[in-house]
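Okay, so here's the structure we're looking at.
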Amino acid sequence: MNTLFFLIQQTMFFTIPLLVVALGGMFSERSGVINIALEGIMIMGGFCSILFISFMQDTMAGQPLLLLAILIAMISGAVFSLLHAYASINMKADQTISGTALNLMAPAVSIFAARMIQPSGVQQIQFTNTFRIAKVPVLGDIPILGDMFFQNVYLTTYIGVAILIIAAILLYKTKFGLRLRACGEHPQAADSVGVNVYRMRYAGVMISGALGGLGGLIFVVTTSTNFNATVAGYGFLALAVLIFGQWNPWRIALAALFFGFMKTISATYSSIPWLVQLQVSGYVYKMIPYIATLVVLVFSSRNSQAPKAAGVPYDQGAR
Amino acid sequence: MKTRKEKTGFRIPDLSRAAGPISSIVAIAVGLMIGFIILLISNPARALEGFAWIIGGGINSAKDLGNVLYYATPIIMTGLSVAFAFRTSLFNIGASGQFIVGALGAVLVGVKCTFLGSFQWVVGLLAAMVFGAVWALIPGLLKAYNNVNEVISCIMTNYIGMYLVNWIVKSTVYHQLTNRSLPVANEANIPKLGLDKLFPGSSINGGFIIAVLICIFAYILLNKTTFGFELKACGYNRFASRYAGISEKRSIIMAMVISGAMAGIGGGLLYLAGSGKYINVEDVLAPEGFTGISVALLGMSHPIGTLFAGLFIAYITVGGSYMQLAGFVPEIIDIITATVIYFAAFALIMRNLLQRFRLRKGGERT
């Protein structure tokens with residue numbers, strides 16, 4: 001039973017950053033802008049917020065510091081994504097190109113800035129992790145459920161779940177969501193009924209920036225105690241989860257859970273007795289999440305639900 | 001861009017050939033300018049010295065120039081791989097995996113097949129090509145038959161390839177002490193073709209010539225053959241191509257396979273360069289694949305443009321290594337490259353400006 005609780009807790013560590021970032025990518029692509037820059041945005045959000053934590057941790061600690069860092073991560077991610085928005089919306093640039101530029105820019109800038117700003121002159125940013133919640137009061141005492149979801153967690157896990165619910169409501173139950181989706185499917189039609197396509201696309205990209213930055217912070221805080229200008233390819237994995245999830249919030253959540261669980265098995269197989277007994281090379285477990293995803297895709301990709309106008313710059317004058 | 005031309009049916013003068021290099025050069029100028037500003041911010045006293053290294057470091061000596069060509073070789077190949085796929089409207093983000101799987105093929109032949117004598121390097125490169133092609137066949141097949149988005153399958157095959165290569169290296173050609181692959185036999189190294197005399201002290205070898213030849217081959221294949229036309233047509237519109245009698249499944253698969261073969265050769269060219277390069281057993285994706293995306297974009301997805309883009313990035317990278325002498329971090333080079341690519345994305349706006357300019361001029365004449 002303890003193994004099960006451990007697995008579920010670990011799965012959350014892998015799933016939540018993927019979920020949050022993929023949901024961000026969903027808003028961007030649903031508005032019609034392909035966002036391959038998620039990796040770079042995550043790095044930027046992680047960099048700014050971890051730098052903030054490392055400077056403030058002498059005066060603050062615990063959840064208040066984490067909440068402020070979350071705010072910083074979201075703002076910095078959104079601001080950084082403006083570069084992508086400007087290129088792909090105003091300048092009608094190829095969205096893959098500007099996204100790639102951002103991916104290259106983010107680690108370079110964060111290494112450069114970390115060396116400039118930190119008194120020690122090194123590129124790694126150290127921080128003390130004071131954010132883990134050993135047990136949520138009251139809820140943590142519930143048998144089984146308490147062990148699974150309310151012990152040994154981070155606040156960010158609940159924020160991630162909340163974002164999922166808000167995202168689904170925002171996309172399908174509000175005027176804003178309807179307009180956003182229209183801009184990704186048929187911008188000319190949206191424009192003809194008075195929707196400002198440019199503004200909606202800016203909104204989409206900036207939401208993806210905010211959530212991408214937040215995802216970067218969540219990834220670093222839950223897996224490490226220093227930031228070294230990388231999020232280990234999680235931005236690209238989130239992109240994969242987004243496509244896997246067919247641009248739909250609930251399916252994205254399932255895809256992120258699936259991938260997170262597979263990733264957990266591959267990361268922790270050595271502490272699961274019956275898996276160790278199989279005597280299979282560790283590399284097999286390392287490959288399993290990726291192979292499993294490919295296999296699932298083979299059976300689930302018949303009908304792609306990609307937004308029709310994603311990747312096409314909107315030109316008001318085009319016929 | 002192109003779809004718009006088709007939609008309107010109005011034949012606007014094709015200035016893409018003229019606007020291509022011009023917008024790239026403008027982008028490079030802007031990138032260098034921003035690089036200079038960053039140097040000024042970080043250390044005004046030595047900024048000029050640092051900038052001089054970026055501009056001139058690559059031609060500081062014959063050795064440096066040789067090393068520029070050596071560094072350019074693998075990224076030209078991965079760039080070509082990505083560019084080739086782009087021309088057929090596929091986004092091969094999996095060049096990283098194909099590159100390292102190709103490198104594995106080359107290293108396996110290079111270590112194990114010593115009986116091949118002086119043909120060993122040729123067989124090694126062929127193995128790299130086949131390994132890379134096979135690795136790209138997976139996303140190709142999945143795209144053609146199961147409609148799996150190639151971006152996601154390429155990301156997955158990148159990781160699978162990385163782990164698989166580490167696993168195979170560890171169980172076949174592993175050097176325990178250094179945690180990397182065994183050195184390849186001397187005959188497995190690509191001949192220097194006298195280039196080492198021309199650029200003494202550098203790591204250059206015949207691999208650069210091979211890369212240039214493959215660029216030319218790719219240009220001819222894409223622009224002068226029916227097969228290349230079919231690949232491109234299929235990229236523009238899968239269904240229209242099928243209607244025109246082109247087997248669209250075969251086209252998608254072939255495009256991916258050729259693209260993967262190119263990335264694989266890139267891996268072979270680097271790991272058989274005789275420059276002391278080994279496959280390190282660590283969980284890191286090969287960065288050459290991602291640099292390839294930058295190279296392809298900067299080269300406007302044109303095979304010859306890719307060649308020059310690869311040279312440019314290698315050139316400022318060598319300059320950047322010298323820039324450290326003036327006390328600057330090498331990441332400034334990445335910032336410059338990123339800026340260049342970012343502004344290269346504005347090509348469409350620049351092209352439109354040029355077009356308006358031309359049209360106005362033409363209007364006055366008539």
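Bear in mind that the values in this text are calculations on the coordinates, not laboratory data. Since we're looking at a predicted model, the values are computed, not measured. So basically every Cβ, Gly included, is an ideal-geometry build from the backbone, and we count neighbours across all protein chains shown.
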Item checked: Cα centroid separation - the stretch A:137-161 against the stretch B:185-247, whole Å -> 56
Item checked: Sequence-distant residues sharing a close amide H with B:TYR174 (under 5 Å, placed H) -> B:LEU182
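Over chain B, calculate the relative contact order: mean separation of alpha carbon pairs under 8 Å at least 6 apart, over the residue count, as a percent. Before the final figure, lay out the partial values.
Values: 652 pairs, mean separation 127.7, N = 366.
Dividing the mean separation by the residue count of chain B yields 35 percent.
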Item checked: Ellipticity estimate at 222 nm from DSSP helix runs (n ≥ 4, -39,500 (n - 2.57)) divided over chain B, nearest 500 -> -24500 deg cm²/dmol
Margin query: Taking the Cα centroid of the stretch A:1-46 and of the stretch A:195-222, what is the distance between the two, rounded to the nearest whole Å?
Written below: 12
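Quantify how strongly other chains surround peptide B:166-173 by giving the mean number of their Cβ atoms within 10 Å of each of its Cβ atoms. Can you show the working numbers first?
Values: counts 2, 6, 1, 0, 2, 2, 0, 0.
Taking the mean over all residues of the peptide, I get 2.
Calculate the mean, over all residues of peptide A:82-95, of how many other protein chain Cβ atoms lie within 10 angstrom of the residue's Cβ.
On the way: counts 0, 1, 2, 0, 1, 5, 1, 0, 2, 8, 6, 8, 10, 1.
Counting other chains' Cβ atoms within 10 Å and averaging over A:82-95 gives 3.
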Next item on the list: For A:LYS135, list long-range residues whose amide hydrogen, built 1.01 Å from N in the peptide plane, is under 5 Å from its own amide hydrogen.
Entry: A:ASN152
Note to self: At 4 °C and a viscosity of 1.567 mPa s, what translational diffusion coefficient does Stokes-Einstein give for the stretch B:286-366, taking Rh as the Kirkwood radius over Cα pairs? Give it in µm²/s as a whole number.
What the structure shows: 88
Next item on the list: Would you mind computing, in nm to one decimal, how far apart the modelled labels at B:ILE25 and A:GLN316 are, each placed 7 Å from Cα along Cα→Cβ?
Entry: 3.4
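Calculate the all-directions average of the projected area of chain B's alpha-carbon convex hull, and give it in nm². All intermediate terms of the calculation are to be shown ahead of the outcome.
Working: hull surface 86.8 nm².
Its average projected convex-hull area is 21.7 nm².
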Notebook entry, point to check: Taking a ≥ b ≥ c as the square roots of the eigenvalues of the Cα gyration tensor of the stretch A:15-245, is the shape rounded (a/c under 1.5), prolate (a/b larger than b/c) or oblate?
Noted result: oblate
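Would you work out if the stretch B:29-159 is rounded, prolate or oblate? Take a ≥ b ≥ c from the square roots of the eigenvalues of the alpha-carbon gyration tensor; rounded if a/c is under 1.5, else prolate when a/b is larger than b/c, oblate otherwise. It would help to have the intermediate numbers written out before the result.
Details: a/c = 3.35, a/b = 1.50, b/c = 2.23.
Oblate shape, in that a/c is at least 1.5 and b/c is the bigger or equal ratio.
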Check: For the stretch A:51-66, what does the Karplus curve 6.51 cos²θ - 1.76 cosθ + 1.60, with θ = phi - 60°, yield as ³J(HN,Hα) per residue in whole Hz, taken in order and with x for Gly and Pro?
Finding: 4, 4, 4, 5, 7, 9, 5, 6, 9, 10, 7, x, 5, x, 4, 5
Note to self: Give me a comma-separated list of calculated 3J(HN,Hα) values for the stretch B:169-182, in order, Karplus coefficients 6.51, -1.76, 1.60 applied at θ = phi - 60°, integers in Hz, x for any Gly or Pro.
What the structure shows: 4, 5, 9, 10, 10, 9, 10, 4, 5, 9, 6, 8, 6, 5
Check: Based on the Cβ-Cβ distance of B:ILE37 and A:TYR86, what FRET efficiency does E = 1/(1 + (r/R0)^6) give at R0 = 22 Å, to the nearest 0.05?
Finding: 0.70
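May I ask you to compute the full-extension gain from A:ALA61 to A:ASN2, defined as 0.36 nm times their residue separation minus their alpha-carbon distance, rounded to one decimal in nm?
Difference between extended and current length: 18.3 nm.
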Next item on the list: Quick one: compute the contact order of the stretch A:184-319, relative version, from alpha carbon pairs under 8 angstrom and 6+ residues apart, as a percent.
Entry: 33
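List, in the order given, every pair from B:LYS192/B:LYS224; B:LYS170/B:LYS277; A:LYS92/B:LYS224 whose Cα-Cα distance in the structure shown is over 26 Å. Walk me through the numbers on the way to the answer.
Details: B:LYS192/B:LYS224 32 Å; B:LYS170/B:LYS277 16 Å; A:LYS92/B:LYS224 30 Å.
Violating the 26 Å limit, Cα to Cα: B:LYS192/B:LYS224; A:LYS92/B:LYS224.
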Check: Efficiency by 1/(1 + (r/R0)^6): what FRET value for B:VAL281 and B:VAL122, r their Cβ-Cβ distance, R0 = 25 Å, to the nearest 0.05?
Finding: 0.40
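Order the peptides B:212-224, B:180-192 from the highest to the lowest mean number of other Cβ atoms within 10 Å of their residues.
In decreasing order of mean packing, B:212-224, B:180-192 become B:180-192, B:212-224.
Return A:CYS48, B:CYS154 ranked ascending by Cβ neighbour count within 10 Å, so the fewest neighbours appear first. Intermediate results must be reported in sequence, preceding the final value.
On the way: A:CYS48 24, B:CYS154 31.
Going from least to most buried by this count: A:CYS48, B:CYS154.
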Next item on the list: Return the sequence-ordered ³J(HN,Hα) values of the stretch A:238-243 in whole Hz as given by the Karplus equation 6.51 cos²θ - 1.76 cosθ + 1.60 applied to θ = phi - 60°, using x for Gly and Pro.
Entry: 5, 4, 5, 4, 4, 6
Item checked: Footprinting exposure proxy for A:MET26, B:MET300, B:MET262, A:MET91 (fewest neighbouring C-beta atoms within 10 Å first) -> A:MET91, B:MET300, A:MET26, B:MET262
Check: Rounded to the nearest 500, what is chain A's calculated 222 nm mean residue ellipticity when only DSSP H runs of at least 4 contribute -39500 (n - 2.57) each, over all residues?
Finding: -22500 deg cm²/dmol
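Would you order B:TRP167, B:TRP121 from fewest to most other beta-carbon atoms within 10 Å of each residue's own beta-carbon? Please list the in-between numbers first.
Numbers: B:TRP167 17, B:TRP121 26.
Taking fewest neighbouring Cβ atoms as first place, the list is B:TRP167, B:TRP121.
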Next item on the list: Would you give the gap between the C-alpha center of the stretch B:49-113 and the C-alpha center of the stretch A:233-285, rounded to a whole Å?
Entry: 31
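Once R0 is set to 45 Å, what does the formula 1/(1 + (r/R0)^6) return for the Cβ-Cβ distance between B:PHE115 and A:VAL122, expressed as a FRET efficiency to the nearest 0.05?
Working: r = 50 Å, r/R0 = 1.11.
For R0 = 45 Å, the calculated efficiency reads 0.35.
With a ≥ b ≥ c the root eigenvalues of the C-alpha gyration tensor of the protein assembly as shown, is it rounded (a/c under 1.5), prolate (a/b larger than b/c) or oblate? Walk me through the numbers before you get to the answer.
Details: a/c = 1.35, a/b = 1.14, b/c = 1.18.
Rounded, since a/c falls under 1.5.
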Check: Can you list residues whose amide H is under 5 Å from B:GLY274's amide H, if they're 5+ apart or on another chain and H is modeled 1.01 Å from N?
Finding: B:ILE190
